Amino acid sequence: MSLSSPISSVAIRTPQRVAEISWFDDLCGGDTQYLSVLDGAYRSSWAHCRDITLSAERLGYSNILLPTSYTVGQDVLTFAAGIAPQTSRINLLTAIRTGEIHPPMLARALASLDHMLEGRLTINIINSDLPGLREVPELRYQRCAETIEILRQAWTQERIVHKGELYQFDMPSDPAKPYQQNGGPLLYFGGTSEGAREVCAQYCDMFLMWPETEEMLYETMQDLSARAARHGRQIDFGLRIHVIVRETESEARTYARKLMSKFDPAKGAEIKSRAQDSWSLGVHRQNQLREHADNEGFVEPLLWTDIGKARSGAGGALVGTPDQIVEKLNRYMDMGFRAFIFSGYPLLDEADYFARYVLPRLPNVSMPHFQGRIPHETPVTPLTTAPLR
């Protein structure tokens, strides 16, 4: 598929031309003015992360990703519970590493948070190694699949009845009933390995991807769409990517060069290696992609890959003018993307640039609202008005 060719959407759950536009919070640290430079002024403190969430809500973003990793920063569930009562519109995309919390208690914790937010909770399921461990992939995929099945039963059935390889339960689900209906909180999931793709196709709602060329993205989307169909399901697709938008292309590229102007390769590699996903197949694919970039780090028009030299996870950015960025996002939507999670350095400043130049031009929606998960009236649950038993 060339950049000039017409695009047909893969089969997705949400055929309407909408997109959930999200920003990213700094719970795991790394916010900075210069890549590879650890800047105390942007440390992952409660106040800094709070300000990012509240600014994203004020600017009109529909959701915000709260990541998790064993790094200096904010614990995800603790932060989400603390920020929840300070927000009124934005959804919290709360990252959960399966295996860290006993599944029935995880279901209960997420249900409590969902009630605090009155349905503004979305979940980013992560199946990476637990902190301090290197685990075989088969164990991680099995644990991830069983945890999701337990969450689903807890949120939708009268009892949790699960007999798996890792967990066996037969217990009431009353303590874990969420605020959201029709399935509970939406599950977002990322991972490009064979096992990860199968978990998402079978259990999750939104497959999140990291920056790659359009051809690579489209190939993965076709594969995941077909896998979901084999399970009698449809899923949506989301893209986690950085962005630099300025009034002119020259200004945008100049700012990209400024971000790299103090880059230290050794320090960048050290920072990158701290993350749990730094050895994942997805990061490996982005490292390979960077090998094909031009001398300024661009691997296709607008897609700049140098960010991946200093951070794990999403390693590329869209760099350009408002018109260029909007055109690129429209191409992504033509492919079937229905969610975007953006970020930029520093996070507060770049959230403002994107909200000023691009956000008003996008069909921005809240996926829990759009997919009918949030009831119009307070639902009857054990945490609201259901008879206690």
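The values are calculated or read from the model by the stated rules, or taken from the named source; none is laboratory data. Predicted model, so just to flag it, every value in this text is computed and none were measured. Glycine gets a Cβ as well: all are built from the backbone with ideal geometry, and neighbour counts include every protein chain shown. Accessible surface areas use protein heavy atoms only, side chains included; no ligands, DNA or RNA. Shrake-Rupley method; radii C 1.70, N 1.55, O 1.52, S 1.80 Å.
Around the Cα centre of region 121-242, unit charges on the Cβ atoms of Lys, Arg, Asp and Glu (plus for the first two, minus for the last two) sum to a dipole of about 340 debye. Angle of helix 281-290 to the longest C-alpha principal axis of the chain, folded into 0 to 90 degrees and rounded to 10: 10°. The angle separating the long axis of helix 103-116 from the principal Cα axis of greatest extent in the chain is about 80 degrees.
Among the GluC sites (Glu not before Pro) found in region 174-283, those both in a DSSP coil and sparsely packed, with 14 or fewer other Cβ atoms within 10 Å of their Cβ, are Glu247. Each Lys and Arg contributes +1 and each Asp and Glu -1, all at the Cβ; summed about the Cα centre of region 248-377, the dipole is approximately 300 debye. Over the chain, accessible surface divided per residue gives 41 Å², non-protein components excluded, 1.4 Å probe.
When region 21-145 is described by a simple charge dipole with +1 on each Lys and Arg Cβ and -1 on each Asp and Glu Cβ, the residue from Ile83, Tyr70, Leu106 located farthest towards its positive end is Leu106. From the square roots a ≥ b ≥ c of the eigenvalues of the alpha-carbon gyration tensor of region 80-179, which class results: rounded (a/c under 1.5), prolate (a/b over b/c), or oblate? The shape class here is oblate. Fully extending the segment from Lys262 to Arg361 would add 32.3 nm, taking 0.36 nm per residue of separation and subtracting the current Cα-Cα distance.
Give the aspartates and glutamates reachable from Lys328 as a straight Cα distance under 12 Å; neighbours fewer than 8 places away on the same chain don't count. Correct list for Lys328: Glu214, Glu300.
Taking the Cα centre of the chain as reference, the dipole from Cβ charges on Lys and Arg (+1) and Asp and Glu (-1) amounts to some 500 debye.
For the chain, averaging the sequence separation of C-alpha pairs within contact (under 8 Å, six or more residues apart) and dividing by the residue count gives a relative contact order of 24 percent. Across Thr192, Thr305, the residue with the most accessible area heads the list, and the full order at a 1.4 Å probe is Thr192, Thr305. The count of lysine pairs in region 135-286 that are at least 8 places apart or cross chains, and whose C-alpha atoms lie under 24 Å apart, stands at 4.
For the chain, the residue among Leu239, Thr53, Gln288 whose Cα projects farthest onto the positive side of the dipole built from Cβ charges is Thr53. Could you tell me what percent of the accessible area of region 42-115 is made up of carbon and sulfur, with a 1.4 Å probe and every protein chain present? Solvent-exposed carbon and sulfur of region 42-115 make up 53 percent of the total. Based on DSSP H segments of at least four residues, each scored -39500 (n - 2.57), the chain has a per-residue ellipticity at 222 nm of -11500 deg cm²/dmol. Spin-label pair His376-Glu165: with each label point 7 Å from Cα along the Cα-Cβ axis, the two points sit 4.6 nm from one another. Radius of gyration over Kirkwood radius for region 1-107, both on Cα atoms: the Rg/Rh ratio is 1.07. Between the residues Gln168, Ile271, Gly308, the greatest Cα displacement towards the positive end of the dipole of the chain, with unit charges on the Cβ of Lys, Arg, Asp and Glu, is found for Gln168. The angle separating the long axis of helix 214-230 from the principal Cα axis of greatest extent in the chain is about 20 degrees.
A cut-off under 12 angstrom between Cβ atoms defines the neighbours of Glu251, and their net charge, with Lys, Arg +1 and Asp, Glu -1, is +2.
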